Amino acid sequence: MAELNEQQIDLISAYIRQHGVAQDELHDDILDHVCTSIEHLMDGGDSFEKAFEKTIKLFGPGGLKQVQQQTFELLTEMNETMKKVAFAFGLTSAILLLAGTSFKLMHWPGAGVMVVIGSALLVLAYLPMLLWHKLKESPRNETLMHISGFLGLTSTAIGVLFKIMHWPGASVTLITGMAVLGLIYMPIYFYKKYKVSSNKPVTLSTSLVAGTCLILVVALINVKSSSDMNRGLSLISDQLAETNKGFDELNVLYDRLGDDQQAMQIRSRADELVQAIEDLKTHLIAQSEGITEEQASNIEMRYVNSRWIYDIPTHIMFAEDENTLPYSIYAVEDKIRDFKEYVVDVYQPDMQGTIDSMFPIKLDSGYEIDGKKTDWAKYHYYHVPLIGVVSELSNIQVTIRNSEMQALIYMISQSDASDPPSGS
Amino acid sequence: MHKIQMYICLMYSSELIKGTLKTLVLNLLAKHDRMYGYEITQHVKERTEEKIQLTEGALYPLLHRLEADGLLTTEKVSIGKRVRKYYKLTKTGKQAATTLSDEFRQFSKTMNKLLDTFQSKPQLQWLN
């Protein structure tokens, strides 16, 4: 009986690997099969080359690759229930995510719940099943690819979920996920496909779908924040906050009025109001950004990542439960009314009507959004992004201080007129 | 020769081949204690006078699937630089072999009977 030498076996082994059988177990089977067949043919009088050629012919053109492919197909045939369950999970999560996103865009209620359940299904059920299936289906040298794909997708999905829900840590998770997908999964995937050059239409369409999804996600996130617009608005917001600090000089005016009762009333009202608004701003930033109030009081708007979200600010300012009541925008509105009364009272009776109507914060003008009547609070703060809310609140603070200053100057001029300094 | 092979391929639907191949391989292994791949193909070729071509392309995927399903186990024996894998029935594999062969015998008996009754009728009936 003929026996092949080591070189011949190596040659055959390399040939089999080269022609598409990468999986080790199958490779061993085929190698032994081919070797045995060659040995038998050589016993019948054929040369090694001739026997090799004859044996390989039995597999037909491209036959070796087909053997591997068929083996994978048979091995990974999911049973019917599993297929149905996986399909159901995938479909449900896709529908929930799509509906949730649409609801979110339309500001309809229930968007959050749908997105959370959809993502949970995707991350906890569908993707693990897909990974399990892929790992079973593919040869061992593709394990890294599939695991990186799984981790990347999972992390991206969680990142998108957190981003949409405005939970902390969204950006880091999202970036990590996309980095894993972009720097590990995609390169390996395309390299493998290029090398094997057998793009199955299914996997191609899958990668296409995945790519589109990624683009959509990126587009969805970027739509809201062109960097120029960001810079401009952050500048306004920070500038307004800066202006507020300049009003410390009002002390000089109060000193001139001494212990005037009316002046002290105005001072306490103005200080209280401005402080309340400052607290509200800090609270809004802290809650939206997920940082402490102390951090929030020092941060500049251009460093606040959550400046474009509006649901947390809206939720806080328009909440009706008692915990958040101190931060209700209507409480601020009441304080503004109160302050305005004291300011108007400073002026002479015949001027009060004019001063009242000229007060720059128009609480009672008819406001309209999309043709529907609404009030001052809703018009300025309902579903307005954090950056807008904070800027507007800073603007109110500046206005309050300005009105206070005008009233003080008026009072000083009045007292100077009635009580001229001696010597003039 | 090539034409005949094609004809055989066309004659058996893939579903039929799938089902019968499994029965065939399991029962072959039930008769022999353990066999390796090449041995199985040669055996089937000889016994069936090459009427059933158990090709390499069909055998190995099937063996791997049966192993994954727990019907077969393997024993590896090194022969020089290469490894020979012997396939062997497990307990469930033995049961499956009997069930499948019984089922197939029953099926072919019924089919035969049925075909006989069809063919005993006048062949030119449709001309009337």
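The values are calculated or read from the model by the stated rules, or taken from the named source; none is laboratory data. Computed from a predicted structure; not experimentally measured. Every residue, glycine among them, receives a Cβ derived from its backbone with ideal geometry; neighbour counts consider all protein chains shown.
Observations
- Residue match in the stretch A:143-162 (condition: without any contact (Cβ under 8 Å) to a residue 12 or more places away in the chain and more than 14 Å from the chain's Cα centre (by Cα)): yes
- Test result for A:Gly60, over 41 Å from the mean Cα position of the chain (by Cα) and either polar (S, T, N, Q) or under 27 Å from A:Tyr194 (Cα atoms) (or both): yes
- Across the stretch B:46-85, the qualifying residues are those that are on the phi < 0 side of the Ramachandran plot and small (Gly, Ala, Ser), and the one among them that is modelled with the lowest pLDDT is B:Gly57.
- Pairs meeting the criteria (first residue in the stretch A:41-67 and at the interface with another protein chain (Cβ under 10 Å from one of its Cβ atoms), second residue buried (at least 17 other Cβ atoms within 10 Å of the Cβ) and acidic (Asp, Glu), beta carbons under 8 Å, at least 6 apart or on different chains) are A:Leu58/B:Glu56; A:Phe59/B:Glu56; A:Gly63/B:Glu56; A:Val67/B:Glu56.
- In the stretch A:1-18, the residues that are surrounded by 13 or more Cβ atoms within 10 Å (Cβ to Cβ), modelled with pLDDT of 80 or more and more than 10 Å from chain B (Cβ to nearest Cβ): A:Leu11, A:Tyr15, A:Ile16, A:Arg17
- Residues of the stretch A:287-331 that are outside any helix (DSSP H, G or I), closer than 17 Å to A:Tyr382 by Cα and touching a Pro at 6+ places or on another chain (Cβ under 8 Å): A:Ile309, A:Tyr310.
- Candidate set from the stretch A:19-37 (those that are within 17 Å of A:Pro139 (Cα to Cα) and of a type in the set (Val, Ile, Thr)); member that is farthest from the other protein chains (Cβ to nearest Cβ): A:Val21
- Residues (hydroxyl-bearing (Ser, Thr, Tyr) and loosely packed, with under 15 Cβ neighbours inside 10 Å) located in the stretch A:244-268: A:Ser268
- Considering the stretch B:1-45, and only residues there that are loosely packed, with under 13 Cβ neighbours inside 10 Å and charged (D, E, K, R), the residue that is modelled with the highest pLDDT turns out to be B:Lys31.
- All of A:Ala377, A:Ala319, A:Ala331 fail the test of being of a type in the set (A, V, I, L, M, F, W, C), closer than 30 Å to A:Ser234 by Cβ and without any contact (Cβ under 8 Å) to a residue 12 or more places away in the chain, apart from A:Ala319.
- Counting the residues of the stretch A:121-136 that are under 19 Å from the mean Cα position of the chain (by Cα) and surrounded by fewer than 16 Cβ atoms within 10 Å (Cβ to Cβ) gives 0.
- Among the residues of the stretch A:283-302, at least one is hydroxyl-bearing (Ser, Thr, Tyr) and under 17 Å from the mean Cα position of the chain (by Cα).
- Selected residue (only one of A:Phe72, A:Phe89 is within 14 Å of chain B (Cβ to nearest Cβ) and either outside any helix (DSSP H, G or I) or of a type outside the set (S, T, N, Q) (or both)): A:Phe72
- Residue within the stretch A:289-303 that is buried (at least 20 other Cβ atoms within 10 Å of the Cβ), in the same structural domain as A:Leu386 (by TED's automatic domain parsing) and either modelled with pLDDT under 85 or polar (S, T, N, Q) (or both) present: yes
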